[in-house]
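The next block holds one structure in the form of structure tokens; read it before the comments.
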Amino acid sequence: MDSSVIQRKKVAVIGGGLVGSLQACFLAKRNFQIDVYEAREDTRVANFTRGRSINLALSHRGRQALKAVGLEDQIVSQGIPMRARMIHSLSGKKSTIPYGTKSQYILSVSRENLNKDLLTAAEKYPNVKMHFNHRLLKCNPEERMITVLGSDKVPKDVTCDLIVGCDGAYSTVRSHLMKKPRFDYSQQYIPHGYMELTIPPKNGDYAMEPNYLHIWPRNTFMMIALPNMNKSFTCTLFMPFEEFEKLLTSNDVVDFFQKYFPDAIPLIGEKLLVQDFFLLPAQPMISVKCSSFHFKSHCVLLGDAAHAIVPFFGQ
């Protein structure tokens, strides 16, 4: 065996989402031996949709991370520039607020496609191995050992030099670190939930101006819309749960939109609006804080596992 392989330090990355797959690329470039354990199946071959996910507005900071692993140009080519916010008033009047100079913009990108591209990029490194359908059962940072459960339903102990917890806001790795003395942790759910809706293409083109992040601000709630490459828009309605709970019937939903988002109804269509609204319940949004982010040199938390924030504060 090649001596460089023998000398590589072993790293177990828990979670194959955006943070885990990107971190695998960074570590692979540093010549570590990486094993990524992801509880879900491989999204690149899954034949069903996992529900909804907020689009990403990719800014300079996010692009710098992608640039460092050689993916910036690839991802930017799949994104749509948004040069300003387009504010939709209750009366239907529209006004713009630029993000910066004419040359500055943020990018609307598909979270799902970004994750797929990052997984593919990580997998191209010979020192990276992906383990899908592998759920973390136990994490022992002191002994640098994890226990994972694969599709064979047989628990397997894995020893490594470093455990990297990239397993999200409800991190299993963090739950084990919380048992350590002087580990501080807090979480807070905001009163709002979110729900995704769709504005389909109109006559094969965008139904609204595509190079904007569209916003419908309405006091305690708001709706936003980001353009997609297929000429549709992904809308996200952010609203207190108590308001969602009042909308029980199709008529309730249509009446609510006629009152607060009248210009959006012809864009979405009443039938699709009702269909999307009742497809899934409104989802919660959580903030997480903890300290410290690591245990000795054995284990470290990254991303939402370390500091989950609500979508409005991303990047």
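We did not get these values from a lab; they are worked out from the coordinates using the rules stated. All figures in this text were calculated on a predicted structure; none of them were measured in a lab. Glycine gets a Cβ as well: all are built from the backbone with ideal geometry, and neighbour counts include every protein chain shown.
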query = For the pair Gln64 and Leu90, how long in nm is the line joining their label points, each one 7 Å along Cα→Cβ?
reply = 4.1 nm
ask   = Among (i) 67, 40, 37; (ii) 60, 43, 38; (iii) 57, 54, 36, which one is Cα extents along the principal axes in Å computed from these coordinates?
value = (i)
task = Enumerate the calculated ³J(HN,Hα) couplings along region 243-248 in order (Karplus 6.51 cos²θ - 1.76 cosθ + 1.60, θ = phi - 60°), each rounded to whole Hz, writing x wherever the residue is Gly or Pro.
result = 6, 4, 5, 7, 9, 9
task = Quick one: of Lys156/Lys296; Lys10/Lys156; Lys9/Lys179; Lys93/Lys246; Lys180/Lys289; Lys138/Lys179, which pairs are farther than 22 Å apart, Cα to Cα?
result = Lys156/Lys296; Lys9/Lys179; Lys93/Lys246
query = PRE reach from Asp152 (point 7 Å along Cα→Cβ): which of region 126-145 fall under 15 Å by backbone N?
reply = 131-135
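Using the crude model of +1 on Lys and Arg Cβ and -1 on Asp and Glu Cβ, and no other charge, please compute the dipole size for region 190-284 relative to its Cα centre, in debye to 20.
Details: 6 positive and 11 negative charges, 33 e Å.
For this selection, approximately 160 debye.
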task = Round to a whole angstrom and tell me the spacing of the C-alpha centers of region 255-294 and region 71-130.
result = 20 Å
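Within 10 Å, Cβ to Cβ, of Thr96, how many net charges do the neighbouring residues add up to if Lys/Arg are +1 and Asp/Glu are -1? Could the numbers behind the result be given before it?
Working: positive: Arg83, Arg85, Lys94; negative: Glu209.
My count for the surroundings of Thr96 gives +2.
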remark   = If every Lys and Arg gets +1 and every Asp and Glu gets -1 at its Cβ, then about the Cα centre the chain yields a dipole, in debye to the nearest 20, of 820 debye
request  = For helix 111-123, report the angle its Cα long axis makes with the longest principal axis of the Cα atoms of the chain; keep it between 0 and 90° and round to the nearest 10°.
outcome  = 20 degrees
query = With axes computed from alpha carbons, what is the tilt in degrees of helix 250-260 against the longest principal axis of the chain, rounded to the nearest 10 within 0 to 90?
reply = 80 degrees
request  = With a point put 7 Å past each Cα toward its Cβ, work out how far Lys129 is from Ile286 in nm, to one decimal.
outcome  = 3.1 nm
remark   = Within the under-14-Å Cβ sphere about Ser77, not counting Ser77, Lys/Arg +1 and Asp/Glu -1 give a net charge of -1
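Between beta-carbons, use under 13 Å as the cut-off and find the net charge around Leu247, counting Lys and Arg +1, Asp and Glu -1. Spell out each step's value before the answer.
Details: positive: Lys246, Lys259; negative: Glu242, Glu243, Glu245, Asp252, Asp255, Asp276.
In short, -4.
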inquiry  = Between Asn211, Asn251, Asn228, where does the largest GNM mean-square fluctuation fall for the chain, given springs only between Cα atoms within less than 10 Å?
reply    = Asn251
query = To one decimal place, what orientation-averaged projected area in nm² is obtained for the convex hull of the Cα set of region 190-284?
reply = 6.0 nm²
message = Once you place label points 7 Å from the Cα toward the Cβ at Glu142 and His307, how far apart are they in nm?
response = 2.9 nm
